[in-house]
Amino acid sequence: MQTPPEITLDPSDWDDFRSLAHQMVDDMLSHMKDLRSEPAWQPIPRPVREALEEELPRSGSGPRAAYRDFQELVLPYTNGNRHPRFWGWVQGNGTPLGMMADMLAAGLNPHMAGFDQAPVLVEERVLQWLAELMGFPTSASGVLTGSGTMANVLGLAVARHAGAGFDVEEEGLQGQRQRLVAYASSETHGWVKKGMALLGLGTSSLRQIPVTDAYRMDVEILRQEIATDRRRGWRPFSVIANAGTVNTGATDDLPAIAALCKSEGLWFHVDGAFGALARLSEQLRPIVEGIESADSIAFDMHKWMYFPFDVACVLVREPSLHRGTFALRADYLGESDRGVLAGGVRFSDRGVDLTRCFRALKVWMSLKAEGVAKFASLIEQNVHQARYLAERIEAEPNLQLLAPVPLNVVNFRYAPPGLSEEALNALNRELVLQVQESGVAVPSSTILKGRFAIRCAIVNHRSRREDFDELVEAVLRFGGRMRGGI
Ligand SMILES: *Cc1c(COP(=O)(O)O)cnc(C)c1O
């Protein structure tokens, strides 16, 4: 039998590929530079949708054709979070340097389970920097993850490990003697239910504690619920507090919850998805005071540090508990103190993933390039912009602020006099869609105490004050037009 010639995925003509690669970088940088003149979002036209329903390519058309399709079919039709007037949900913009670092990381392509290699030392250093920024001891353990959800779920898993009272990894929760109960405010992000379900704890073992008018957990009710559950013979194991809730940016009373956890012997986990990053700013630090006493904390650098997706982090104060939760040995990963496997697979021993990408590189390079102070100033800038938007809303008789603005999230509605609550809800529901479809800006929405709110979560390093003026004007314009039609 004749052996076919050997093939590879490297280019056959490196010079040609090099010029295409340079073109890709140039095009994307030009696109980023000119974002402001593009619509914040645009619907996908039918022909584009149809073109994307392509049959599986059995043979290739080459990188230039594939790139052309990317430019025509994909690039213009994303959810818009790169744009200066995108404030929907809580989504960062990405950064040019972060993009290039991701390219370098993909080119380098190290396997980040562990191993004796410089990229691992980079991730360890980044984790130490982050621990320092959060006021954690540098002995704390941590791992970078792909999402805040995963970072939080890992934290909850360590809490379960520490608080179960038996070897939960070995025995599991089947035939469990005592019900394990966790506590979080009713404003906690949806990850917590997913986490409770995934860890076999069950969503019914999550106590959702009511909040005060400022959307902060009612600590007195928390105390009572813990006592009630203990009387039932159940086993409280963790309180999950918020630094920056997804709805309104509220931060729970972290020092009070920390003290309660200490006296009750409960694991104190903080979901600081974006709010934790307020700690970078000396001005804002008092808002999240107490975060430094958490047993574990999760936060997202792809939100309020603006890095390209995805990069989040969980920090665990006590390294042995972190490792104890996830370090399950396999023969093909045997320990060694020499060779490539020296140091073992330390990162896969701190989470679920074995194969991991080098997401630490964009954090490391960006912190070195910009310094922490720059990020602190940007975070402060977003908070000032939120306050500015709130002021503009309060100065407009037909706009109404619907929640306090403690951080970077603003909830409001178009509320001309004389309309019922139902009519206002319907009007604002339509209004948000019209603003999005116009391409002017992307706010999102939520429901606060039964009221439909237009919601802006500002984690955007490209926004300027004038962008918020444009939003206010668009809301008044579309609102006025719709009201005319009612
Ligand atoms: C975004 C967010 C999460 C989830 O993080 P992902 O990175 O989207 O998985 C959790 N909690 C809060 C408060 C959030 O804002």
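The values are calculated or read from the model by the stated rules, or taken from the named source; none is laboratory data. Just so it is clear, the model here is predicted, and its values are computed rather than measured. Cβ placement follows ideal geometry from the backbone for every residue including glycine, while neighbour counts extend to all protein chains displayed.
Can you confirm whether GLY88 is in contact with a Pro (Cβ under 7 Å, 6 or more places away or on another chain), at pLDDT 95 or above and not basic (Lys, Arg)? Here the answer is yes, as GLY88 does meet what is asked. For region 254-276, the candidate set comprises residues that are within 15 Å of the ligand (Cβ to nearest atom) and not in a loop (DSSP other than H, G, I, E, B); within that set, the residue that is surrounded by the fewest Cβ atoms within 10 Å (Cβ to Cβ) is LEU254.
Across region 308-342, which residue is farthest from LEU277 (Cα to Cα) among those that are more than 16 Å from the ligand (Cβ to nearest atom) and charged (D, E, K, R)? That would be ASP331.
Inside region 137-163, residues that are touching a residue at least 40 places away in the same chain (Cβ under 8 Å), among the hydroxyl-bearing types (Ser, Thr, Tyr), over 13 Å from ASP295 (Cβ atoms) and away from the ligand (no atom under 12 Å from the Cβ) make up a count of 1. Among the residues of region 132-172, those identified as surrounded by fewer than 16 Cβ atoms within 10 Å (Cβ to Cβ) and not charged (D, E, K, R) are PRO137, THR138, SER139, GLY165, PHE166, GLY172. Answer yes or no: is there a residue in region 330-344 that is surrounded by fewer than 24 Cβ atoms within 10 Å (Cβ to Cβ) and under 28 Å from the mean Cα position of the chain (by Cα). No: zero hits. In region 20-49, what residues are without any contact (Cβ under 8 Å) to a residue 24 or more places away in the chain and within 24 Å of LEU433 (Cβ to Cβ)? The answer is SER37, PRO45, ARG46, PRO47, ARG49. Only a single criterion out of (1) farther than 19 Å from THR145 by Cβ; (2) out of contact with any helix residue (DSSP H, G or I) (no Cβ under 6 Å at 6 or more places or on another chain) is not satisfied by GLU318, namely (1).
Taking first residues from region 5-19 that are closer than 12 Å to ARG64 by Cα and partners that are loosely packed, with under 10 Cβ neighbours inside 10 Å, the Cβ contacts under 9 Å between residues at least 6 apart in sequence or on separate chains come to PHE17/ASP10.
Listed by first and then second residue, the pairs linking a residue in region 185-200 that is free of Cβ contacts under 8 Å to residues at least 12 places away in the same chain to a residue that is among the acidic types (Asp, Glu) and more than 8 Å from the ligand (Cβ to nearest atom), with Cβ atoms under 6 Å apart and 6 or more places separating them unless they lie on different chains, form an empty list.
Against the test of being out of contact with any Phe, Trp or Tyr (no Cβ under 6 Å at 6 or more places or on another chain), hydroxyl-bearing (Ser, Thr, Tyr), modelled with pLDDT of 95 or more and within 11 Å of the ligand (Cβ to nearest atom), the options THR228, THR203, THR251, THR212 yield a single qualifying residue, THR251. Looking for something more than 16 Å from the ligand (Cβ to nearest atom) and in contact (Cβ under 8 Å) with a residue 24 or more places away in the chain - is there at least one such residue anywhere in region 55-62? Taking every residue of region 55-62 in turn, none turns out to be more than 16 Å from the ligand (Cβ to nearest atom) and in contact (Cβ under 8 Å) with a residue 24 or more places away in the chain. Residues being more than 11 Å from the ligand (Cβ to nearest atom), under 16 Å from SER186 (Cα atoms) and surrounded by fewer than 24 Cβ atoms within 10 Å (Cβ to Cβ) are entirely absent from region 277-288.
Within region 258-280, can one find any residue that is of a type in the set (Phe, Trp, Tyr), touching a Ser or Thr at 6+ places or on another chain (Cβ under 9 Å) and modelled with pLDDT of 95 or more? Checking region 258-280: at least one residue is of a type in the set (Phe, Trp, Tyr), touching a Ser or Thr at 6+ places or on another chain (Cβ under 9 Å) and modelled with pLDDT of 95 or more.
Scanning region 235-253 for residues that are assigned to a loop (DSSP other than H, G, I, E, B) and either among the polar types (S, T, N, Q) or in contact with a Cys (Cβ under 7 Å, 6 or more places away or on another chain) (or both) yields a count of 3. For region 360-376, filtering for residues that are buried (at least 17 other Cβ atoms within 10 Å of the Cβ) and not β-branched (Val, Ile, Thr) leaves 9. Considering region 386-468, there are no qualifying strands (runs of 3 or more DSSP E) wholly inside with 3 or more residues that are of a type in the set (Ser, Thr, Tyr) and exposed (fewer than 15 other Cβ atoms within 10 Å of the Cβ).
The single condition from (1) within 14 Å of the ligand (Cβ to nearest atom); (2) assigned to a helix (DSSP H, G or I) that ALA298 fails is (2).
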